[in-house]
Amino acid sequence: MFAKGAAVIQLFEEWVPKSLAVEDDKIGLQLGTLQKEIKKVMVTLEITDEVIDEAIAEKVDLIIAHHAIIFRPLKHLQTDQPAGKRYEKCIKNDIAVYIAHTNLDIAEGGINDMMAEALGISKTKVLSVTQTEPLLKLAVYVPEEHHDKLMHAVMQAGAGHIGAYSHCSFNTEGIGTFLPEEGTKPYVGSQGKLEQVKELRLETIVPERKLKRVVQAMLKAHPYEEPAYDVYPLKLEGKPFGLGRVGKLEQEVTLREFNEVVKKAFDVPMTRVVGDLDRMVRKVAVMGGQGARYMSSAIFQGADVFVTGDIDYHTAQDALAAGMCLIDPGHHTEQIMKSPVAEYLHRRFQEQGYATEVVVSNVQTEPFQFI
């Protein structure tokens, strides 16, 4: 059985929900339809003519990319122009295009975490917070003998995390009453008779983005035909999400030595570096793509060096004046996302019993040559 396009994206967005993206980001379905069977998905950083040709040769139904194929509003669609040719080629070959940009940057385990891990940065924090996830309280009433099964189900679905603690809940005993009316099939009791049952009220905390999955798990594990439960908001700050990461290397190294680590981690032949190459660095900020405007955040958080792409001349001058080191390995370092995204989708398809295949684009999309 192959997954429908909508099912593919539902699984993907459990990791990188659209709600994480910054305002007005160009994400989501940009070409084609998801209302079709998906036999093969291709993951790529961006979509060039060569990537589309590769997708056609591979008989791909859906491309998932990080960089938008449609970035600016379309004033026309001329198929004799470069962009128009790409759109036409995708449409004629029934290839849908879905974009995950800043939501993939920001998500836990997303591009910025991938880059930090590749550089050996540990104990990371968000560099620039864009939002704090709302927290909700779920309270559900369940017969005592089914309490453990239900609690395990909701915790497995993502409830019950407070900081570094999991399976957090509070449980109180009580008596539940109900009268099964005509047409019901009660788990306990019979139609027309008021029942009293010893129940436990299980309370636990749920991140808003996981509520649907947690409630579905609760309903599936609950023995009652019509479970009673409450969901209400909390005035507590949840997990912070945002762009970039900042953390520490295992030990101090010179800027020169760390630059070699960057080149190897991102497979680039050269970088642009700002700062004294013999300076010792340990605290590192990193951001995929173009992060120059977040240099002040890196300085504020005490980073010794900021690794990001597309550093402009004036930002470099400002960094020198502020005593901040910079390493620019280019924008294309974000290609680090291809294999992890493909691996995630492959695992989720296997879990769901889908035969949908996932491939990684082998096309080199770096526009620069280093001579």
> So is F349 buried (at least 18 other Cβ atoms within 10 Å of the Cβ), within 23 Å of V126 (Cβ to Cβ) and not β-branched (V, I, T) or not?
Replying inline: no
A careful count of residues in the stretch 183-210 that are at pLDDT below 95, within 29 Å of A159 (Cα to Cα) and hydrophobic (A, V, I, L, M, F, W, C) gives 2
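Of the residues that make up the stretch 124-140, is at least one under 20 Å from the mean Cα position of the chain (by Cα) and farther than 30 Å from T333 by Cα?
For the stretch 124-140, residues under 20 Å from the mean Cα position of the chain (by Cα) and farther than 30 Å from T333 by Cα: present.
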Listed by first then second residue, the pairs whose first member lies in the stretch 289-306 and is farther than 23 Å from Q251 by Cα, whose partner is among the acidic types (D, E) and buried (at least 19 other Cβ atoms within 10 Å of the Cβ), with beta carbons under 6 Å and at least 6 positions apart or on separate chains, are G289/E334
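Which one of these is modelled with pLDDT of 95 or more, touching a Lys or Arg at 6+ places or on another chain (Cβ under 6 Å), more than 30 Å from V129 (Cα to Cα) and outside any strand (DSSP E or B): I52, I56, I91?
Details: I56 fails: touching a Lys or Arg at 6+ places or on another chain (Cβ under 6 Å); I91 fails: touching a Lys or Arg at 6+ places or on another chain (Cβ under 6 Å).
Answer to the check: I52.
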(message) Among the residues in the stretch 317-326, are any touching an Asp or Glu at 6+ places or on another chain (Cβ under 7 Å) and either small (G, A, S) or over 22 Å from N112 (Cβ atoms) (or both)?
(response) no
Scanning the stretch 293-314 for residues that are surrounded by fewer than 21 Cβ atoms within 10 Å (Cβ to Cβ) and farther than 23 Å from K264 by Cβ gives R293, Y294, S296, I299, F300, Q301, G302, D312, Y313, H314
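Of all residues in the stretch 58-116, how many are in contact with a helix residue (DSSP H, G or I) (Cβ under 9 Å, 6 or more places away or on another chain) and among the acidic types (D, E)?
Residues flagged as in contact with a helix residue (DSSP H, G or I) (Cβ under 9 Å, 6 or more places away or on another chain) and among the acidic types (D, E) within the stretch 58-116 amount to 2.
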P223: passes all of (1) within 34 Å of the chain's Cα centre (by Cα); (2) surrounded by 16 or more Cβ atoms within 10 Å (Cβ to Cβ) but (2)
The condition of being under 25 Å from H66 (Cβ atoms) and either in the same structural domain as E46 (by TED's automatic domain parsing) or among the hydroxyl-bearing types (S, T, Y) (or both) holds, among Q290, Q350, Q369, only for Q350
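Can you confirm whether Q156 is assigned by TED's automatic domain parsing to the domain that holds L219, exposed (fewer than 12 other Cβ atoms within 10 Å of the Cβ) and either under 36 Å from the mean Cα position of the chain (by Cα) or not small (G, A, S) (or both)? Give the derivation first.
Details: assigned by TED's automatic domain parsing to the domain that holds L219: yes; exposed (fewer than 12 other Cβ atoms within 10 Å of the Cβ): no; either under 36 Å from the mean Cα position of the chain (by Cα) or not small (G, A, S) (or both): yes.
Taking the combined requirement at face value, the residue does not satisfy it.
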For the stretch 237-281 the number of residues that are assigned to a strand (DSSP E or B) and surrounded by fewer than 16 Cβ atoms within 10 Å (Cβ to Cβ) is 7
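Table: residues versus (1) at pLDDT below 95; (2) within 21 Å of E208 (Cα to Cα); (3) of a type in the set (G, A, S); (4) surrounded by 15 or more Cβ atoms within 10 Å (Cβ to Cβ).
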{"position": "Y87", "(1), (2), (3), (4)": "no, no, no, yes"}
{"position": "A107", "(1), (2), (3), (4)": "no, yes, yes, yes"}
{"position": "M114", "(1), (2), (3), (4)": "no, no, no, yes"}
{"position": "L138", "(1), (2), (3), (4)": "no, yes, no, yes"}
{"position": "L150", "(1), (2), (3), (4)": "no, yes, no, yes"}
{"position": "N171", "(1), (2), (3), (4)": "no, no, no, no"}
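The values are calculated or read from the model by the stated rules, or taken from the named source; none is laboratory data. If you're wondering where the values come from, they're calculated on a predicted model, not measured in any experiment. Please note: Cβ atoms are built from the backbone with ideal geometry, for glycine as well, and neighbour counts cover all protein chains shown.
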